[in-house]
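Read the figures in this text as sums done on the coordinates, not as results from a lab. Just so you know, these numbers come straight off a predicted model, no measurement behind them. Cβ coordinates were reconstructed from backbone atoms using ideal geometry, including for glycine residues, and neighbour counts include every protein chain displayed.
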Amino acid sequence: MLKTAVQEQLLPGDTLQAKWDFAQQAGYDAIELRGKGDLHFASRRGELKQAREDGVVMPTVCVDMPHFLGAFDEDLRRDAVAQMKSQLTVIAEIGGTGAQTPASYGMFSRRLPPFTPPRTEEQDREVLLAGLTELGEHARREGVTLFLEPLNRYEDHMVNRLEQAADLIRAVGLDSVRIGIDSYHMNIEEPDPAAAILAHADVIGHAQVSDSNRFQPGAGHLDWPAWLGALHTIGYDGHLALECRLTGDPAEAVRSVPAFLARSGA
């Protein structure tokens, strides 16, 4: 049976408890949190722990930071790793399963001028392996998982496809590092998204959903039966977390997703 989650910023309400009421009524099973920089997520400990006591289900957190573990600048890279360690610790404290991050976002694209990044591919790999290893060891100590998300070529020049993420994760060799797949990015980068899921089933740990145009599932042309069918085939039992923009009435758009995914995955 499909389990769905929705990111907190997509929900109406001023508190997590109010957002959870709406989410449950709309058919969701959980809320995915957003982790901002400057240790903002850690500053929410009281709010998050009270929400958990009140029954809010919050299994995962997705980063919303200005820089990431693949940053070119060493100080920014170290800060991103420290931020992720903090988010992994906090999500563990509230009984969650893990935190999702890309290698970078908006830092560089080989598809736009100046086309050639300041690091070689070998240097990129060294930086990512070091960061993923450090974060993976921290996640293991906390009993949670770090999810590495491949982004499309216009948003990240290092990790675009599942095979690239899987290669890094297998090189790290820690069960606490897994791929966090995203249907939108896969639609751009994977020749066959369903086949990519099947090929890397052993290292997939989390899934986010939006349609081909980044709007809610059902608003684009993604082949949902094939994508969801592949997840069913590999026995994926995590949440499908809605991360998207919304078209039409926002509340109705959010409400439409659990039923649409259920129909598409039947």
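Once the chain from residue 14 to residue 137 is taken as fully extended at 0.36 nm per residue, the excess over their C-alpha distance is 40.7 nm.
How many percent of Cα pairs in segment 225-266 exceed 12 Å? Pairs farther apart than 12 Å: 66 percent. Taking 104, 43, 212 in turn, the Gaussian network model of the chain (Cα-Cα springs below 10 Å) assigns the largest fluctuation to 43.
Under 18 Å from the 7 Å Cα→Cβ point of residue 119, by amide nitrogen: which residues of segment 167-194? Under cut-off, by backbone N: 167-173.
The value given for segment 125-266 is a Kirkwood hydrodynamic radius of 15.6 Å, derived from the mean inverse Cα-Cα separation.
Projected label points at residue 109 and residue 199, each 7 Å from Cα along the beta carbon direction, are separated by 2.4 nanometres. Between 60, 139, 256, the Cα set farthest toward the positive side of the dipole of the chain (charges on each charged residue's Cβ, about the Cα centre) is that of 256.
The rule of thumb for compact globular proteins, 2.2 N^0.38 Å, goes into the C-alpha radius of gyration of segment 25-113 1.22 times. For the pair segment 14-63 / segment 122-192, the C-alpha centres are spaced 24 Å from each other.
Considering only Cα atoms, the convex hull volume of segment 112-207 works out to 95 Å³ per residue.
Counted residue by residue at 0.36 nm each, then reduced by the alpha carbon distance between them, the extension gain from residue 233 to residue 163 reaches 23.3 nm. Computed about its Cα centre, the charge dipole of the chain is approximately 160 debye, with only Lys, Arg, Asp and Glu carrying charge at their Cβ.
Dividing the summed helix terms, -39500 (n - 2.57) for each DSSP H run of n ≥ 4, by the number of residues in the chain produces a 222 nm estimate of -13500 deg cm²/dmol to the nearest 500. Spin-label model, residue 247/residue 40: points 7 Å from Cα along the beta carbon direction are separated by 2.8 nm.
Treating each Cα of the chain as an identical point scatterer and summing with the Debye formula, the log10 of I(q)/I(0) at q = 0.09, 0.15 Å⁻¹ comes to -0.38, -1.11.
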